[in-house]
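Below is one structure; the comments refer to it alone.
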Amino acid sequence: MIRRPPRSTLFPYTTLFRSIRIVGRGSLAGIPFVTIFLVGLVIAATIFVSRTVTGRHVVATGANERMSRLSGVAIDRARVGTYVACSLLAVIAGVFFAGSVGYVDRFIGRGSDLDSIAAAVLGGASFAGGEGSFIHAAGGALLIAALLRDRKSTRLNSSHIPLSRMPSSA
């Protein structure tokens, strides 16, 4: 008897549930769900960082860890909470991205990590930490999105597209 390989190795990608595609491609009153979520997230994060003690502890830890520790801030708690929040937001972004594309593949987000870093830096974030705002980072993300959309709409040939944007043949 010939054993067939598992189904996941036969197909390089898998189709998504209809609900995930609706989340990724849907809109409410002409405004995409992704935009509504982003605006709500930026407002909530700005309020959290500027008006709560925990948010101020996170900013203080990012600005100067040693001084925060000497001031009595629970640095480990702030760091773990930040990592958990970052991971949760990465999962949500992955669901939105997969819903907009329509399928899941292990190479689907290749090359878009540098766009996120460029958006944060354009928004005024510092690599040293402790500087920047969510509103400015969202502005940087809008600028990067506009540049990428403009590049795609002008239909540049592949010699003008950086290697990180080239589709993978693997």
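Which value in Å is the Kirkwood Rh of the range 42-153 over different Cα pairs?
Numbers: mean 1/r = 0.0634 Å⁻¹.
Roughly 15.8 Å, rounded to one decimal.
Using only the Cα atoms of the range 84-129, build the gyration tensor, take square roots of its eigenvalues as a ≥ b ≥ c, and label the shape rounded, prolate or oblate: rounded if a/c is under 1.5, else prolate if a/b is larger than b/c, else oblate. Intermediate results must be reported in sequence, preceding the final value.
Numbers: a/c = 2.68, a/b = 1.79, b/c = 1.49.
Taking the square roots of the gyration eigenvalues as a ≥ b ≥ c, the range 84-129 is prolate.
If you rank 31, 20 by how much accessible surface each has, with a 1.4 Å probe, what is the order from largest down? Could you put the intermediate results ahead of the total?
On the way: 31 80, 20 45 Å².
Ranking 31, 20 by accessible area, largest first, yields 31, 20.
Measuring only protein heavy atoms, the 1.4 Å probe finds residue 19 accessible over about 70 Å².
The values are calculated or read from the model by the stated rules, or taken from the named source; none is laboratory data. Given the structure is predicted, the values throughout are model-derived calculations rather than measurements. Keep in mind that these areas ignore ligands, DNA and RNA; they rest on the heavy atoms of the full protein, side chains included. Shrake-Rupley method; radii C 1.70, N 1.55, O 1.52, S 1.80 Å.
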